[in-house]
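A quick write-up on the structure given underneath.
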Amino acid sequence: MPTIFTHAVVPLAIAVAAGSGRISPKLAIAGAAFAVLPDADVAAFKFGIEYADTWGHRGATHSFVFAALCAGALALVWKEARNLWAFAFLTIAMASHGLLDTLTDGGLGAALYWPFDNSRIFAPETPIRVSPIGRGFLSMRGLETLVSEFKWIWAPSIAVSLCFWAVRRKNAGAARPGG
């Protein structure tokens with residue numbers, strides 16, 4: 001799995017790319033939290049649920065359906081999440097977690113298609129170093145993980161979001177009289 005910091009980068013980059021007119025700062029923060037939330041499934045270990053079980057790590061909580069259900073549940077209790085942009089953003093934010101996990105070089109794949117298919121899958125290429133857990137994070141392997149995450153997730157996310165931001169800024173300037 002990528003680090004929790006990196007899981008949050010994707011929805012924050014999407015929010016910057018879309019602009020605060022479509023995704024408010026509060027919604028962006030909710031998206032970052034949604035992107036981290038699937039890893040709460042590690043608590044299942046304490047209840048004797050095995051890694052490879054449906055509700056084990058990288059199981060149902062990493063699926064597209066679970067992401068949509070969570071976005072819908074939030075929309076029931078939070079007015080700001082009750083529009084198509086917000087629902088789509090929150091769903092994509094949480095779904096990005098499973099997709100990023102499929103790009104890592106370790107663990108089991110992610111059950112992206114649960115409940116229709118419990119298979120754990122990986123992407124055809126797995127360039128992201130899997131993150132060590134616990135104190136192992138403060139090791140050479142932890143540093144290698146951060147470097148691979150920067151190369152494959154942070155840098156592209158920042159570049160794409162800044163390009164969209166620049167286009168929006170340029171278009172806003174052109175729309176102003178004398179701009």
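Laboratory data are not the source of any read-out in this text; all were calculated from the coordinates shown. Everything quoted here is computed from the prediction, not taken from an experiment. Glycine gets a Cβ as well: all are built from the backbone with ideal geometry, and neighbour counts include every protein chain shown.
Under the simplified labelling scheme, the residue 54-residue 83 pair shows an inter-label distance of 3.7 nm, with each label point 7 Å from Cα along Cα→Cβ. Compared with the direct C-alpha span, the chain from residue 116 to residue 139 gains 4.4 nm at full extension, assuming 0.36 nm per residue. Our coupling estimate for segment 41-53, obtained by passing each phi through the Karplus curve with A = 6.51, B = -1.76, C = 1.60 and θ = phi - 60°, is 5, 5, 4, 4, 4, 5, 9, x, 7, 6, 3, 7, 5 Hz, Gly and Pro reported as x. In this structure, residue 174 and residue 33 have a Cβ-Cβ separation that, at R0 = 45 Å, corresponds to a calculated FRET efficiency of about 0.80. Straight-line cross-link partners of residue 26 among the lysines, defined as a Cα under 16 Å from its Cα and at least 8 positions apart when in the same chain: 79.
When shorter helices are ignored and each DSSP H run of at least 4 residues is given -39500 (n - 2.57), the per-residue value for the chain at 222 nm works out to -16500 deg cm²/dmol. Rounded to the nearest 10 degrees, the inclination of helix 64-77 to the longest alpha-carbon principal axis of the chain is 60 degrees. From the square roots a ≥ b ≥ c of the eigenvalues of the alpha-carbon gyration tensor of the chain, which class results: rounded (a/c under 1.5), prolate (a/b over b/c), or oblate? Oblate shape, in that a/c is at least 1.5 and b/c is the bigger or equal ratio. Taking the C-alpha atoms only, the angle from helix 84-102 to the longest principal axis of the chain is near 40 degrees. Relative to the longest principal axis of the Cα atoms of the chain, the long axis of helix 140-149 lies at roughly 40 degrees.
The HN-Hα couplings worked out from phi for segment 7-15 by the Karplus form 6.51 cos²θ - 1.76 cosθ + 1.60 (θ = phi - 60°) are 4, 6, 5, 4, x, 5, 5, 4, 4 Hz, whole numbers, x standing for Gly and Pro.
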